[in-house]
Amino acid sequence: MFDALTARLSTVLDRLRGRGVLSEENVTEALRDVRRALLEADVNVGVARSFIESVKEQALGSEVGKGVRPGQQMIGIIHSEMIRLLGGEGNSAEVDLSGSPPVILMLLGLQGSGKTTTAAKLAVHFRSGGRKIGLMGLDPYRPAAGEQLRRLAERIDVPVEVARESEDPVDAGVRILSELKAAGSEVILADTAGRQTVDEALMNELASLRQKLNPQETLLVLDAMTGQDAVTTASAFSGRLDCTGAILTKLDGDARGGAALSLRGVTGLPIRYVGIGEDLGALEVFHPDRMAGRILGMGDVVSLVERAAEDAGGAEVLAAEGKRFIEGEFTLEDFREQMRRLRGMGSLQDLVGMLPGQFDRALTGQEIDESSIVALEAMIDSMTPEERRRPSILDGSRRRRIARGSGRSVQEVNALLKQYSMMQKMAKALKGKGRKGQMPFPPMFR
Amino acid sequence: MAHLRSRVALGLARTRDLLLTDVTDLFSGKTALTDDLLDELEDRLLEADLGVDTVMEIRDHLQNDLRAKKASGPDEVIAAMAEVIERILTPGVPPKEIGADLDGRPHVVLFVGVNGSGKTTTIGKLAHAYRSAGKKVIVAAADTYRAAAVDQLVVWAERAGAECVRSHEGADAASVAWDALDAAIAREMDVLLVDTAGRLHTHRGLMGELEKIKRVLAGRLEGAPHETLLVLDATTGQNALVQGEEFSKSVDVTGLILTKLDGTARGGVIVPLARKLDIPVQMVGVGEDLESLMPFDAHEFTAALLKQETA
Ligand SMILES: Nc1nc2c(ncn2[C@@H]2O[C@H](COP(=O)(O)OP(=O)(O)OP(=O)(O)O)[C@@H](O)[C@H]2O)c(=O)[nH]1
Ligand SMILES: Nc1nc2c(ncn2[C@@H]2O[C@H](COP(=O)(O)OP(=O)(O)OP(=O)(O)O)[C@@H](O)[C@H]2O)c(=O)[nH]1
Ligand SMILES: [Mg+2]
Ligand SMILES: [Mg+2]
């Protein structure tokens, strides 16, 4: 997700490794590059600045722990600061539905950010929690916007009402609310038209809608590819409409997602969910720690853990992903992420060299080339999130579907799963053996 | 087009004010370009999504050029910035005007881009522009994936007075494109605009589908598609660079369209994009109605960005 940022941070911090002390000079130098990396990841200039300041303060003020190298210490500080900025560890990001029904959630945001799709995704999500859902479409402006929501609702079999053409959205909201209430909806998701924050009339419309509907939550839907404007958009929407949370969409791409940091940095709004695909199941609860782990990169964290283990027999830095691998819970999602990161990193020779032993052989044995990595990715892309997390459910018909979806043969899908299971076995073996000298990932940024 | 121009100017006003105010404040009364001043300037440009490399280039330029000339007034600084930016944004070959002689009959234009960038809407606007120039236009609803994408395009086609070829949801996108080109040839249309589903460039399978659409068009009519336009949302940050590269790799993009310039986003990312890829920005979208499309003009864009009076 944040491949390039990860690579940069790692390259930069690697330079710090091996140095004895965190001096003001080398910290400042490293942080200059970290700032650059953050900016390239679209983190807002101001947010990047305060992030750097805070890391610097902590880095200089902290004692380098026994057996821990300065570089590791630094990564640890950056990592935890990033988690903090993204919302802190252990806080549940989920919308609280415990209020008296109907609980109304209103979605808003710029044009094309993903509101309508996300409304349908949330319907699926909450329904699986046993709630009766109703969808409310309040976009009479965009051609076929109501029809889009209606089709999605039909696909998932959820009651839906949309504003009529040329019906005032506020009137429509009131009308549909009473209809859905009468129909017994417990959670109502209100989809609104995309708008620019400079459009006073439309911003006022949202304000009156909010007053009339009195939603439990007003959620800003933001495209993860957003650049510096994330700050302007987020503060304009949240300032004007008292947003209570945000949803970040299109994280299935390779946007470095600095918008996530920016959004939190200026509005403090909790990011509740992330959209990771066009399918209606492609929604996940937001995890700050996971996100920070992604920013820093799983492989790197593992290699860090390895070094820390070598050095001191104990790591300060142990991100969720790294831990998952060590505990043998290495999913196909992790596998794909790894592939993506590797693909962006230079020649295949290097790439194979960086893979764990057995896997390395498995790959070289097959004379794998760049395009087969692309193929691996395509196959994993064609799986549902559930399948990626639990490949054991991949029966014949699922495998055929994946083959079709990715334009590959079933044999290739089978081969992929074999490679994956080998990798997973290694992770398990590793867990048994303990850490020292047996870590699966050779250091990646030497 | 005058009113459209002022709308872009309005949309860019924030950037402009920001840059101008800051630059003016920063530099007025100063006699030397200090590093602090350059740092500040750098931040302002970064906030317009110009990206680190381009901003560095501008910084270097200012440093060398202005220091040599011992010049440091706000006008000189802005002029120097404008020079670099405009140079980057000026394509080798100027884009053709809508309504000028078209290659191919029908002239086939393929629209591509990530999800929600504004492809379908832009097709509506462009169909309208061609219709206004007296061309016979047909559109192909080759987004067979997204819910009601076809219905959306049908409305735009009606508004623009264009014909539309469609199939059912879930149909093969490439066959819709083929059928549409067939129809365009049979009905002697001047222009065929092909809408495609939004897709992230990271999804290999979907990029493959796009390549297939392009192949099929070329197979039906030599030289088609005559243009492949990548539609970019002005709010997009540095990811636009990868989008540009990846879509180019797949379908050889011939032009860019920058949408949603009527909002607060500045679209500054087209500067590094133009720097990296030699693809001209063709048009900009400045609203949600038929008229809100205008030709891109590097000089105007730069001037608006930096609030320098157009000569
Ligand atoms: N890849 C990907 N695409 C997404 C995601 N969420 C939404 N989309 C796509 O983004 C495009 C826009 O989504 P919509 O739900 O129509 O966005 P919207 O905010 O309702 O748009 P307007 O109503 O026009 O403002 C569609 O092509 C969706 O399929 C996501 O998480 N990943
Ligand atoms: N303000 C503004 N909105 C625009 C502009 N261009 C498009 N939009 C809006 O952006 C949203 C997405 O536009 P679409 O044309 O549906 O985008 P798309 O690329 O076809 O989307 P998908 O097919 O889902 O990938 C819609 O709400 C449009 O009305 C523009 O120039 N200005
Ligand atoms: Mg919508
Ligand atoms: Mg579309």
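The values are calculated or read from the model by the stated rules, or taken from the named source; none is laboratory data. Only a predicted model underlies this, so the values are computations on that prediction, with no experimental measurement involved. Reconstructed Cβ throughout: ideal geometry from the backbone, glycine too, with neighbour counts over all protein chains shown. Quick note on the areas: whole protein, heavy atoms, side chains included, nothing else; ligands and nucleic acids left out. Shrake-Rupley method; radii C 1.70, N 1.55, O 1.52, S 1.80 Å.
Some notes on this structure:
- B:Pro106 vs. criteria surrounded by fewer than 18 Cβ atoms within 10 Å (Cβ to Cβ), more than 16 Å from ligand 3 (Cβ to nearest atom), in contact (Cβ under 8 Å) with a residue 12 or more places away in the chain and not charged (D, E, K, R): no
- The residues of the stretch B:144-165 that are open to solvent by 10 Å² or more (accessible area, probe 1.4 Å), within 14 Å of ligand 2 (Cβ to nearest atom) and assigned to a loop (DSSP other than H, G, I, E, B), listed by number, are B:Thr144, B:Tyr145, B:Arg146.
- In a residue-by-residue description of the stretch B:89-111, the property of being closer than 30 Å to A:Gly275 by Cα and of a type outside the set (D, E, K, R) applies to at least one position.
- Residue within the stretch B:289-310 that is within 12 Å of ligand 2 (Cβ to nearest atom) and under 10 Å from the mean Cα position of the chain (by Cα) present: no
- Looking across B:Leu232, B:Leu293, one residue alone is within 14 Å of another protein chain (Cβ to nearest Cβ), among the aliphatic types (A, V, I, L, M) and touching a residue at least 60 places away in the same chain (Cβ under 8 Å). It is B:Leu232.
- Candidates in the stretch A:25-44 are the residues that are loosely packed, with under 15 Cβ neighbours inside 10 Å and at pLDDT 80 or above; of these, the one that is farthest from B:Glu42 (Cα to Cα) is A:Thr28.
- Qualifying residues in the stretch A:99-121 (those that are more than 15 Å from ligand 2 (Cβ to nearest atom) and in a loop (DSSP other than H, G, I, E, B)) - the one surrounded by the most Cβ atoms within 10 Å (Cβ to Cβ): A:Pro102
- Among the residues of the stretch A:127-152, the ones that are buried (at least 24 other Cβ atoms within 10 Å of the Cβ) and at the interface with another protein chain (Cβ under 9 Å from one of its Cβ atoms) come to 5 in all.
- Residue count for the stretch A:161-212, restricted to those that are open to solvent by less than 10 Å² (accessible area, probe 1.4 Å) and assigned to a helix (DSSP H, G or I): 8
- Residue satisfying all of: in the stretch A:171-221; of a type in the set (Gly, Ala, Ser) and either free of Cβ contacts under 8 Å to residues at least 24 places away in the same chain or over 21 Å from A:Lys121 (Cα atoms) (or both); nearest to ligand 3 (Cβ to nearest atom) among these: A:Ala172
- Note on the stretch A:142-160: residues that are touching a strand residue (DSSP E or B) at 6+ places or on another chain (Cβ under 8 Å) and not in a helix (DSSP H, G or I) total 3.
- Qualifying position, being within 14 Å of chain B (Cβ to nearest Cβ) and either more than 26 Å from the chain's Cα centre (by Cα) or more than 24 Å from B:Leu210 (Cβ to Cβ) (or both), among A:Arg401, A:Arg408: A:Arg408
- Close pairs (6 angstrom Cβ cut-off, 6 or more residues apart or separate chains): under 13 Å from A:Met379 (Cα atoms) in the stretch A:410-424, open to solvent by 40 Å² or more (accessible area, probe 1.4 Å) anywhere: A:Val410/A:Arg399; A:Val410/A:Arg400; A:Val413/A:Arg399
- Selection count, the stretch A:122-150, where residues are within 16 Å of ligand 2 (Cβ to nearest atom), among the aliphatic types (A, V, I, L, M) and within 24 Å of A:Glu284 (Cβ to Cβ): 1
- Tally of residues being more than 14 Å from chain B (Cβ to nearest Cβ) and within 25 Å of B:Leu232 (Cα to Cα) across the stretch A:175-218: 1
- Taken over the stretch B:113-136, residues that are of a type in the set (A, V, I, L, M, F, W, C) and within 13 Å of ligand 1 (Cβ to nearest atom) amount to 1.
- Filtered residue count, the stretch B:117-142, keeping only those that are closer than 16 Å to B:Thr259 by Cβ and within 12 Å of ligand 2 (Cβ to nearest atom): 10
- Qualifying residue in the stretch B:103-111 (condition: over 18 Å from B:Glu188 (Cα atoms) and either modelled with pLDDT of 90 or more or not assigned by TED's automatic domain parsing to the domain that holds B:Val191 (or both)): yes
- Condition broken by A:Ser262, with the remaining ones in (1) at pLDDT 95 or above; (2) open to solvent by less than 10 Å² (accessible area, probe 1.4 Å); (3) under 18 Å from the mean Cα position of the chain (by Cα) satisfied: (1)
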